[in-house]
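Here is the structure we will look at.
The values are calculated or read from the model by the stated rules, or taken from the named source; none is laboratory data. These numbers come from a predicted model, not from an experiment. For neighbour counting, all protein chains shown are included, and Cβ atoms are generated from backbone atoms with ideal geometry for every residue, glycine included.
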Amino acid sequence: MTPLTVQSPPVLVAEVFGPTLQGEGPSCGQQALFVRLSRCNLSCPGCDTPFTWDRSRYDLREHTRRYSAASLVSWVLEHPTPLVVISGGEPLLQQDRIFPVVAALTAAGRRVEIETNGAVTPSPELVAQVAAFNVSPKLAAFASERDADRRINPAALSTLVTSGKAVFKFVASGVADLEEVSDLVTRFELAPVWVMPEGSTSEVIVSRMRELADAVVARGWNLTTRLHVLLWEDARGR
Ligand code: SF4
């Protein structure tokens, strides 16, 4: 395991919170601690965490805390929660900085999942330490024009598929979005696939899940809710 030293560069963190419930994907409903990293390589117009990257609306210095790897590990180990979710932003932009954190937590018996947009290739060292990658490639309808050429990164997706540790979770606002999901799934042999309704209110989430359910089942995919929205609407840090 890489030793945690004071020389390790700080991790740029937007917020840490929990224990709470993982709201999305295969671990939905499980108790989890969240470490939300700052910064992103994309700029999705409907992003629900713009305070991690959008300098035009937020002073990122005010929304960024610098944690040493050791202090992040200490915060996690203060809690008995088995599942730790590293989210963002795009956490893989700081993969060298979080590697010692992931390695230490895995060695301590915690299950570490990383949520990524799938446009950054994880290192072999990180792949070896992580329990799972929850990968959410962005469909064209949810991406900015600026990101048109970089929202899909074939090399990164190939690495994630090959890792055997990735699940692919697509945000969809309706059945029409599933065609593009299907194209990506076929082109990059993505599996397993989860579809998640876009929305930040419980009313919209339930409505879109009802619209998507049959079409998702027909394609052999899985459907996830956004449990935190059903429970707490768009409250931050839940
Ligand atoms: S990839 Fe995720 S965090 Fe980054 S801008 Fe898009 S929605 Fe926001």
Going through region 161-192 one residue at a time, which ones are surrounded by fewer than 17 Cβ atoms within 10 Å (Cβ to Cβ) and either at pLDDT below 95 or not in a helix (DSSP H, G or I) (or both)? Gly164, Gly174, Glu189, Ala191, Pro192
Somewhere in region 102-112, is a residue at negative phi, among the basic types (Lys, Arg) and without any contact (Cβ under 8 Å) to a residue 60 or more places away in the chain? yes
So Leu126, is it under 24 Å from Asp96 (Cβ atoms) and among the hydrophobic types (A, V, I, L, M, F, W, C): yes
Residue pairs within 9 Å by beta carbon, gap of at least six or interchain, first lying in region 187-208 and under 19 Å from Val175 (Cβ atoms) and free of Cβ contacts under 8 Å to residues at least 12 places away in the same chain, second acidic (Asp, Glu) and crowded, with 18+ Cβ neighbours inside 10 Å, listed first then second, are Val204/Glu198
Please work out if Arg210 is more than 19 Å from Lys138 (Cα to Cα), basic (Lys, Arg) and at pLDDT below 95. no
Cβ pairs under 9 Å, 6+ apart, first in region 37-57 and more than 8 Å from the ligand (Cβ to nearest atom), second basic (Lys, Arg): Leu37/Arg97; Ser38/Arg65; Phe51/Arg57; Phe51/Arg236
Within region 38-66, residues touching a strand residue (DSSP E or B) at 6+ places or on another chain (Cβ under 8 Å), closer than 19 Å to Arg236 by Cα and not in a loop (DSSP other than H, G, I, E, B) come out as Phe51, Thr52, Arg65
Sort out which residues of region 209-238 are of a type in the set (Asp, Glu) and free of Cβ contacts under 8 Å to residues at least 24 places away in the same chain, and write them in order of number. Asp214
